[in-house]
Amino acid sequence: MSTPVFIGLDIGSSRVKVAAIDARRRLLGNAVRKSGTDFAATAEACLDESLGMAGVPRDAIVHAISTGYGRTNVAFVTAQSKTEIGCLSRWGRDHFHGAITIIDIGGQDNKVIQLDQDGRRASFKMNRKCAAGTGAFLEEMSQRLDIPLEAMDALARQSREMVKLGSYCTVFTATEVLENIRHGKKVPDIVKGLFYSVVKRVIEMDSHAGRVVMTGGVVAHNPYIVEMAGEMAGRPVVLPEFPQLAGAIGAALYALDEADPNRIETNIPAGETHG
Amino acid sequence: MAEEKKTTRKKIQAADKMNKIMADYFHGLNEAATTGKRKVAWCTSVGPAELLRAMDFDVYFPENHSAMLGATRMSTDLIPAANAIGYSPDICSYLTADIGAYLKGITPLVKAYPGILSVPKPDVLVYNTNQCRDVQDWFAWYSKKFDVPSIGVTSPKNVDDVTDAHIDDVALQIQALIPTLEGIAGVKLDMDRLRETVSLSRECTELWKRVLETAMASPAPLTFYDGTIHMAPAVVLRGTQTAIDYYELLLAELEQRTRDGVAAVEGESARIYWEGMPVWGRLRQHSELFAGLKAAVLASTYCSSWIFPSFDGNDPIRSMAKAYLELFIVRSERYKERYIKEMLEKFRIDGIIYHDAKTCPYNSNSRYGLPGRVEADTGVPSLVLSGDLNDLRCVSDEQTKTNVEAFIEQIAEGR
């Protein structure tokens, strides 16, 4: 008999993330793909990939819960969808002891979520409608600078004299970047300036109680942002093992919560989930 | 495919009567303006309407018209016309939508009330800046357009306790309007008539308060979204018997609902307070969003702003001044904080949502740390939603949905 699995599907604006966990909350399989225009098809592909990695067939799924912008676009969920804020909180509660602040930088929006001492969500904030400081901002800038997204982290680390960008909005920042190029500024210094503006935007969104943890695709691919956030906040900022999967794992944990309690192993210490 | 659930709130039967009242009101205004039988005054929503009614003006409220432009989702296409003549997209979107509509020769009154072709041409424009400076600028534009006087009261702002000095100031300004209005109306102000009008306004306001207070019941028999619709007579027909008769009818229906345990939102499981302006173009969506989550948005500062306990027929002008000054929007942060805390307790609220309306700083109370202070003192969780009253370019539906769903989740998980 196959290991029963619990699936979380995070259908984000930029990427679809799927996590498969077992009853002991261990991450058995996962997948990340570009969301594209057909969320349902991408989610199916990610699900197959995750189940393949976990080595289980479809009928091993006990429950599946979706989250993210496209949470209502997937066909095989078994319970009501949850918000990504709820799923990140659920993940944070499972993974950390004590009060934490989760800073999530997603493709389209940023979130700052406070969990209290007992792991309950005390508050949350999302960025305003503007995309400045989000993954979309960095994507736009990578195109403007004609450098691949995945090269940005290494470039930023080469910076010797960071360019400070003062604008509040993506369009104005793009103009500022062009101006700096015209003035002969080095690309690594500009990229570090872009990272700095992202960090500044998310750090300023809210106060930070307890340990600070950063999640989302942007920090998964650009860990230098987490280091810079730590410097700016004046305290260490935690980068978890699978930052991009945090929401999907949270959804999988909700799926586990939904399941028949008799099938679930309980009394597992917090933090044992690998993800 | 996971279906998105659509749940609507229960319809209030008195709505049909209200629709008739509003139709009569607008047709009356149209008749006054097109035949010249009666003079028409345009008035801001908490301007000196009692004085105007007592002098037999038909009173038209451009803010009501702007709300209609918003609710019919016409405003976003009209605002740019006002932007193009120099009125910034960052200022009041009631103003820009209304001026934009005039520039384009469009009004929702045409479709809503057959026979009406335009907004009623004014003989005078009368403002009170107790809400904001924008109303004065708004009327200044129409004053030039129609070549009619724009007069009014420039109100103190950020008032902590309303003192005699404040009341003296506004009362004198109201009195100073009288000669000009008499000249336009062609009649002398009859003080007995003013006393009677102020008394009628007081009665209307008391009934409206009782209507809103029916939401103290659990489950609540009406929501904020009902309130935004049913407040219309309290806004445009204050000082008339018609408004009083309507609220007696509405109150009876709601009290019956309470006796029968009828919920406006089936299975009410969270009680929410709305602070700030409605998003007029999203009333139905928001109502369905909350109802689908079994959350009742049942009380608000906005609807409660048409409660004026100080109107007193025995001292009409001073009591008008006092009533206009006691308005929430005129008050200091300290007062607002105290008021909101009282409302949260009175209506046994589980969560408060602040609408930060991009173009309405005066009615956005999340900008000076108030949500954090109220939450720290009361423990009632809060959420700030970015949006706007009329400019839907400033509204992100998906972000609103995610924020609201996450907030209701948080309230449920906090229990």
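Against the conditions (1) modelled with pLDDT of 95 or more; (2) assigned to a helix (DSSP H, G or I), where does B:Ile353 fall short? Just the number, please.
The one condition B:Ile353 does not meet is (2).
Would you say B:Gly414 is within 14 Å of chain A (Cβ to nearest Cβ) and either open to solvent by 20 Å² or more (accessible area, probe 1.4 Å) or at negative phi (or both)?
For B:Gly414, the condition - within 14 Å of chain A (Cβ to nearest Cβ) and either open to solvent by 20 Å² or more (accessible area, probe 1.4 Å) or at negative phi (or both) - is met.
Do we find that A:Thr72 is touching a strand residue (DSSP E or B) at 6+ places or on another chain (Cβ under 8 Å), polar (S, T, N, Q), at pLDDT below 95 and open to solvent by less than 10 Å² (accessible area, probe 1.4 Å) in this structure?
Numbers: touching a strand residue (DSSP E or B) at 6+ places or on another chain (Cβ under 8 Å): yes; polar (S, T, N, Q): yes; at pLDDT below 95: yes; open to solvent by less than 10 Å² (accessible area, probe 1.4 Å): no.
The answer is no for A:Thr72.
Name the single residue that is farthest from the other protein chains (Cβ to nearest Cβ) among those in region A:32-46 being closer than 22 Å to A:Val218 by Cβ and in a helix (DSSP H, G or I).
Per the stated criteria, the residue is A:Cys46.
Return the pair list, or none, for Cβ contacts closer than 6 Å from residues in region A:47-74 that are in contact (Cβ under 8 Å) with a residue 24 or more places away in the chain and within 14 Å of another protein chain (Cβ to nearest Cβ) to residues that are assigned to a helix (DSSP H, G or I) and open to solvent by 20 Å² or more (accessible area, probe 1.4 Å), at least 6 apart or on different chains.
A:His63/A:Glu258; A:Gly70/A:Phe39; A:Asn73/A:Phe39; A:Asn73/A:Ala40; A:Val74/A:Ala40
Step by step: first the residues of region B:362-392, then only those that are away from chain A (no Cβ under 13 Å) and in contact (Cβ under 8 Å) with a residue 60 or more places away in the chain, then the one that is most open to solvent (accessible area, probe 1.4 Å). Which residue is that?
B:Tyr362
Go through region B:269-302 and count every residue that is over 17 Å from B:Met68 (Cβ atoms) and open to solvent by 20 Å² or more (accessible area, probe 1.4 Å).
Matching residues across region B:269-302 total 7.
Residue-by-condition table, conditions (1) charged (D, E, K, R); (2) open to solvent by 50 Å² or more (accessible area, probe 1.4 Å):
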{"site": "A:Gly166", "(1), (2)": "no, yes"}
{"site": "A:Val171", "(1), (2)": "no, yes"}
{"site": "A:Thr175", "(1), (2)": "no, yes"}
{"site": "A:Ile181", "(1), (2)": "no, yes"}
{"site": "A:Lys185", "(1), (2)": "yes, yes"}
{"site": "A:Asp189", "(1), (2)": "yes, no"}
{"site": "A:Tyr196", "(1), (2)": "no, yes"}
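Which one of B:Glu266, B:Glu275 is of a type in the set (D, E, K, R), touching a His at 6+ places or on another chain (Cβ under 9 Å) and under 25 Å from B:Val404 (Cβ atoms)?
Unique residue meeting the criteria: B:Glu275.
Name the residues in region B:147-194 that are open to solvent by 30 Å² or more (accessible area, probe 1.4 Å), within 27 Å of B:Asp98 (Cβ to Cβ) and not in a strand (DSSP E or B), would you?
The answer is B:Asp147, B:Pro149, B:Thr154, B:Lys157, B:Asn158, B:Gln173, B:Ala176, B:Thr180, B:Gly183, B:Ile184.
Which of the following residues is under 30 Å from A:Ser66 (Cβ atoms), in contact with a Lys or Arg (Cβ under 9 Å, 6 or more places away or on another chain) and not aromatic (Phe, Trp, Tyr): B:Glu409, B:Glu398? Before you say what the answer is, go through the steps one by one.
Working: B:Glu398 fails: in contact with a Lys or Arg (Cβ under 9 Å, 6 or more places away or on another chain).
The conditions single out B:Glu409.
If we keep just the residues of region A:198-221 that are in a loop (DSSP other than H, G, I, E, B) and over 16 Å from A:Ala246 (Cα atoms), which is most open to solvent (accessible area, probe 1.4 Å)?
Step one: list which residues in region A:198-221 are in a loop (DSSP other than H, G, I, E, B), which gives A:204-210, A:216.
When the remaining residues are screened for being over 16 Å from A:Ala246 (Cα atoms), the result is A:204-210.
On the way: A:Glu204: 116, A:Met205: 35, A:Asp206: 35, A:Ser207: 79, A:His208: 42, A:Ala209: 52, A:Gly210: 33 Å².
That would be A:Glu204.
If you check every pair at least six apart or on different chains, which have Cβ atoms under 7 Å apart with a residue in region A:139-164 that is within 21 Å of A:Arg15 (Cβ to Cβ) first and a residue that is outside any helix (DSSP H, G or I) second?
Partner pairs satisfying both residue conditions: A:Ser142/A:Pro148; A:Met152/A:Asn222; A:Asp153/A:Asn222; A:Asp153/A:Pro223.
Does region A:122-136 hold any residues that are open to solvent by 20 Å² or more (accessible area, probe 1.4 Å) and within 11 Å of chain B (Cβ to nearest Cβ), and which are they? Walk me through it before giving the result.
Going through region A:122-136, the residues open to solvent by 20 Å² or more (accessible area, probe 1.4 Å) turn out to be A:122-123, A:125-126, A:128-131, A:136.
Result: A:Ala122, A:Ser123, A:Lys125, A:Met126, A:Arg128, A:Lys129, A:Cys130, A:Ala131.
Just checking, does region B:303-310 include any residue being part of a helix (DSSP H, G or I), surrounded by 20 or more Cβ atoms within 10 Å (Cβ to Cβ) and of a type in the set (Ser, Thr, Tyr)?
No, every residue in region B:303-310 fails to be part of a helix (DSSP H, G or I), surrounded by 20 or more Cβ atoms within 10 Å (Cβ to Cβ) and of a type in the set (Ser, Thr, Tyr).
If we scan region A:96-112, do we find a residue that is closer than 15 Å to A:Leu253 by Cα, in contact (Cβ under 8 Å) with a residue 24 or more places away in the chain and either facing chain B (nearest Cβ under 10 Å) or surrounded by fewer than 24 Cβ atoms within 10 Å (Cβ to Cβ) (or both)?
yes
Could you look through region A:75-90, keep only residues that are of a type in the set (A, V, I, L, M) and either assigned to a loop (DSSP other than H, G, I, E, B) or more than 7 Å from chain B (Cβ to nearest Cβ) (or both), and pick out the one that is surrounded by the fewest Cβ atoms within 10 Å (Cβ to Cβ)?
Checking each candidate, the answer is A:Ala75.
Determine which member of the set B:Glu405, B:Glu398, B:Glu409 is at the interface with chain A (Cβ under 9 Å from one of its Cβ atoms), open to solvent by 20 Å² or more (accessible area, probe 1.4 Å) and farther than 18 Å from B:Ala296 by Cβ.
One residue alone meets the criteria, B:Glu398.
If we scan region B:70-85, do we find a residue that is open to solvent by less than 10 Å² (accessible area, probe 1.4 Å), touching a helix residue (DSSP H, G or I) at 6+ places or on another chain (Cβ under 6 Å) and hydroxyl-bearing (Ser, Thr, Tyr)?
Yes, that holds for at least one residue.
The values are calculated or read from the model by the stated rules, or taken from the named source; none is laboratory data. Fair warning: this is a prediction, and the values are worked out from it, not measured in the lab. FYI the Cβ positions are ideal-geometry reconstructions off the backbone, even for glycines, and counts take in every protein chain you see. Heavy atoms of the whole protein, side chains included, go into the accessibility calculation; ligands, DNA and RNA do not. Shrake-Rupley method; radii C 1.70, N 1.55, O 1.52, S 1.80 Å.
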